[in-house]
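Worksheet for the structure shown next.
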């Protein structure tokens, strides 16, 4: 625990979604997590998106950034004679900006691109996001605690990927310092280690079973186990052991792959392009962006609800404007379906597109198979081959298709998926701020 601080707050920047959480030093395990409202629903995390104006000043974050960007794009659509060259000069939109860093080494000069391809220092974008989240934390604390809480009353924990080195961790610390948070108030926690601390301290039960003992209690001391962190854009795999003194120790350096949940999104987008044509989907995205985003959100819901034993067709509501675009380019929805390679597995019923459940599941296969292949290679490592226990964390671990594939491919290994698996990193980061010496490297 950090002396003189009343609270610990954590910021978890994910490839696709981000959030904050905090707890008081007097009750560290009572953790408050962020809530965002969108389309009448509450979400624990918001899209990792920032909207700034042409002067590089903050406008919005998360769902608000997304909505303001869409509205502005649609209002300006007819101002351009060439829709393919249309730009948004009023705002700069950085969507999933952390994913921009995946294939490059991060330093204080690293650049990322906005929606128009114009570059800006990644440090400045992360600083803007940290400042926004900090204001949310301070505002919520003052509401809940009825205190005049200030930045100096908190210790902050910011999560980073398992493979980030000291230079990249310094990048995140500098981003916080840039918006007035003293570097001594900031700890950097690796995402998978934060998830482990969540399991170690809160002892969650497996979300799939009604059992009276947590998996973490069942882990034998001085035995190795694998941590699979399946996020929105990537996955990280590490090997740890619970030492005889109760602390956690890293055994094998982490490995990473770009086969997170967004790979499924790309597969679904390619599926739609194969069915309706690239020209149709491009026009929908450019001319009717709000309807395009609505369609993507509906597919997101279907993606999260599909199961290995689902038999009934996946029902997707077709935007009216999509049908009109198809009619102009292809002669009609029936014609385009009959000419599609998926003609035997999709059909139309009124405004609904019906997709065969197995066809929809097949869109997950390339990503899941890449994960399984990577794990199979890992288990050939001498220090890993005898491991019998796997912990799955991260939002993509909630996917039942992933869970079933893991169980089928590793039947002799014990697999644990904790409660609130999508919040394991965020809550664990708060606990790390209270107990930073849980992990030994």
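Taken together, the values in this text are just the output of simple stated rules run on the coordinates, not laboratory data. Bear in mind that the values here come from a model prediction, so they are computed numbers and not experimental data. Cβ coordinates were reconstructed from backbone atoms using ideal geometry, including for glycine residues, and neighbour counts include every protein chain displayed.
Measuring max minus min along each principal axis, the C-alpha atoms of the chain give extents of 70, 55, 39 Å (largest first). Between the helical axis of 191-202 and the longest alpha-carbon principal axis of the chain there is an angle of about 60 degrees. Using only the alpha-carbon atoms, how far is helix 261-276 inclined from the longest principal axis of the chain? Give it as 0 to 90 degrees, nearest 10. The helix 261-276 is inclined about 10 degrees to the chain.
Compared with the dominant principal axis of the Cα atoms in the chain, helix 365-378 is inclined by about 30°. At what distance in angstrom do the alpha carbon centres of region 291-328 and region 236-277 lie from each other? About 25 Å separates the Cα centre of region 291-328 from the one of region 236-277.
Kindly work out what percent of the DSSP beta bridges joining two residues of the chain are antiparallel, to the nearest 5. Please list the in-between numbers first.
On the way: 48 of 67 bridges.
The antiparallel fraction comes to roughly 70 percent.
Legend: ranking of residues 335, 310 from fewest to most surrounding C-beta atoms inside 10 Å; resulting order 335, 310. Its Kirkwood hydrodynamic radius, worked out from the mean inverse distance over all distinct Cα pairs, puts region 363-440 at 14.2 Å.
Rg over Rh for region 261-362 works out to 0.93, both radii taken from alpha-carbon positions and Rh defined as the Kirkwood radius.
At 222 nm, what helix-only mean residue ellipticity would the chain give, in deg cm²/dmol to the nearest 500, using -39500 (n - 2.57) for each DSSP H run of four or more? Rounded to the nearest 500, the figure is -12000 deg cm²/dmol. Between residue 282 and residue 343, the simple label model (points 7 Å from Cα in the Cβ direction) yields a spacing of 2.5 nm. Placing dummy labels 7 Å off each Cα toward the beta-carbon, the span from residue 383 to residue 359 is 4.8 nm. If R0 is 30 Å, what FRET efficiency do you get for residue 108 and residue 58 from their C-beta distance, rounded to 0.05? Plugging the Cβ-Cβ distance into 1/(1 + (r/R0)^6) gives 0.90. By the count of neighbouring beta-carbon atoms within 10 Å, fewest first, 301, 157 end up ordered 301, 157.
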